[in-house]
Every structure is written in C-alpha cells, then in structure tokens.
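Read through the structure below, which is laid out as structure tokens, and then see the notes.
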Amino acid sequence: MKLARITKPLRSVQLRVMIAGDLNISLERYARYYQHVHGEQVDTRALIPEIVRAFLDADREFQSWSRSADNQPRRAATPASSNGGSKTQP
C-alpha cells in the first residue's frame, strides 16, 4: 500500500470540492482497503489530504521544479480587481 498509516491531524485549511461518482466509489473502496491493511476504519475525507500529499511527494518532476523554483527570486503578486478585469494606470 502506498499510503502509510495516517497519524497527522488535518490541516486548518478547508477546501470544498466536488468529485465524480466513479472517483467517490474508488475513494470509498480505498478506505476499505486502508481498513484491511491497517485494521482501522478511516473516513474518506481523512484520506484525501493524505493521498494528495503522497501524490505530490512522489512526483519527481514537481519536486525538481519546486527545488529550482525555491531558488528563484519571487515576483510580487499583482492583486486582481474584484470584477475580474485588470486596471491600467494612466
């Protein structure tokens, strides 16, 4: 099993997402698999951040890019207007 036992609490950031029905079925099946392997029931909502973390940790190209991006100077973020358009200054 790629996913280790969940020991970390959920982070304080809340995201609301909608997933396709077939993905939800797979997620529920994965929760049953987790229970089979670890002997503990887990809520599917607790699996999602751990699966995302495992995916990001395993993505070598992302890790390489992330290390190089951390060494690059950061550009200041330009705030967007509330109406979605950009404002130009004279």
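What FRET efficiency would be calculated for the residue pair D70, K2, taking the C-beta separation as r and a Förster radius of 22 Å, to the nearest 0.05?
Details: r = 26 Å, r/R0 = 1.16.
So, using R0 = 22 Å, E works out to roughly 0.30.
Give the calculated FRET efficiency between R29 and D59 to the nearest 0.05, with a Förster radius of 22 Å applied to their Cβ-Cβ distance.
On the way: r = 23 Å, r/R0 = 1.05.
It comes to 0.40.
What list of ³J(HN,Hα) values in whole Hz, one per residue of the range 54-59 in order, does the Karplus curve 6.51 cos²θ - 1.76 cosθ + 1.60 (θ = phi - 60°) give from phi, with Gly and Pro shown as x?
4, 4, 5, 5, 8, 7
Quick check: residue separation of I19 and Q41 times 0.36 nm, minus the Cα distance between them. What number comes out in nm? Could you put the intermediate results ahead of the total?
On the way: separation 22, 0.36 × 22 = 7.92 nm, distance 2.14 nm.
Difference between extended and current length: 5.8 nm.
Output ³J(HN,Hα) for the range 36-51: one whole-Hz value per residue in order, computed from phi by the Karplus curve 6.51 cos²θ - 1.76 cosθ + 1.60 with θ = phi - 60°, and x for Gly and Pro.
Computed from phi, the couplings for the range 36-51 are 4, 6, 9, x, 10, 6, 9, 6, 4, 5, 6, 6, 4, x, 5, 5 Hz.
Taken together, the values in this text are just the output of simple stated rules run on the coordinates, not laboratory data. Here the structure is a predicted model, which is why all the values come from computation and not from measurement. Methodologically, a virtual Cβ is constructed for each residue, glycine included, from the backbone with ideal geometry; neighbour enumeration extends over all protein chains shown.
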